[in-house]
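I have placed the structure first, in the form of structure tokens, so that the comments after it can refer back to it.
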Amino acid sequence: MTRINLTVDGEKVADDVEARMLLVQYLREKLGKTGTVIGCDTSNCGACTVHLNGQSVKSCNVLAVQADGAEVTTIEGLATDGQLHPVQEAFRECHGLQCGFCTPGMIMQSVDLLKENPHPSEEEIRLGLEGNLCRCTGYHNIVKAVQYAAEHSSGAVEGAPA
């Protein structure tokens, strides 16, 4: 067992974990952050995307011990004081989901995309989300949601709340 200390959704946590435990397993099984979805277990689908020190990563591709000392934001950590993050609101407003399985990862990747490029073109959005797969929507409303967030956030689309 290895001792890790990290901040998850603004709360400091410390745990003993097996050296081979994946970050997605740690978040779900130890911390109950079940919004982070286990999809493919091979880093192909992006359903498990979280922010690690402000950058989106596929948490099935990161060991929990690699997150020692880091700040992790999950989909549960985006909302602030009961208010949805602008990207969460945009996905709701633009119907950017159907079954919802890919939605947490899509939102987390979209937040990172908009942090890097606050006003992306449709092509830039599609390229920025290409590592996240959706089987239901055909991506049209997901792209609309990212465009909506960019247009309606007045530059306020950021990563995790401070």
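Every read-out reported here was derived from the displayed coordinates using simple, explicitly stated rules and does not represent laboratory data. What you are looking at is a predicted structure, and each value in this text was computed from that prediction instead of being measured. As a convention, Cβ positions derive from the backbone with ideal geometry for all residues, glycine included, and neighbour counts pool all protein chains shown.
Once both labels are positioned 7 Å from their Cα atoms along Cα-to-Cβ, the gap between Gln66 and Glu116 label points is 1.7 nm.
When only C-alpha pairs under 8 Å and at least 6 residues apart count, what is the relative contact order of the stretch 86-152, in percent?
It rounds to 54 percent for the stretch 86-152.
Shown for the stretch 86-152 is the translational diffusion coefficient from the Stokes-Einstein equation, using the Kirkwood radius over Cα pairs, a temperature of 20 °C and a viscosity of 1.002 mPa s: 190 µm²/s. Among Val17, Val37, Val143, the largest mean-square fluctuation in a Gaussian network model of the chain, built with springs joining Cα atoms closer than 10 Å, belongs to Val17. Calculate the FRET efficiency for Glu124 and Ile38 from the Cβ-Cβ distance with a Förster distance of 25 Å, rounded to the nearest 0.05. According to the calculation, E is roughly 0.30. Kirkwood radius and radius of gyration were both taken over the C-alpha atoms of the stretch 52-119, and their ratio Rg/Rh is 0.98.
Our helix-only sum for the chain, with -39,500 (n - 2.57) per DSSP H run of n ≥ 4 divided by its residues, gives a mean residue ellipticity at 222 nm of -7500 deg cm²/dmol. Annotation: average projected area of the chain is 8.6 square nanometres, based on the convex hull of Cα atoms across all directions.
Rounded to the nearest 20 debye, the dipole size of the chain about its Cα centre is 360 debye, using +1 on the Cβ of Lys and Arg and -1 on the Cβ of Asp and Glu.
For the chain, the membrane-span-like helix rule (DSSP H, alpha carbon extent of at least 15 Å along the helix axis, mean Kyte-Doolittle at least -0.5) picks out 103-116, 140-152; this says nothing about an actual membrane.
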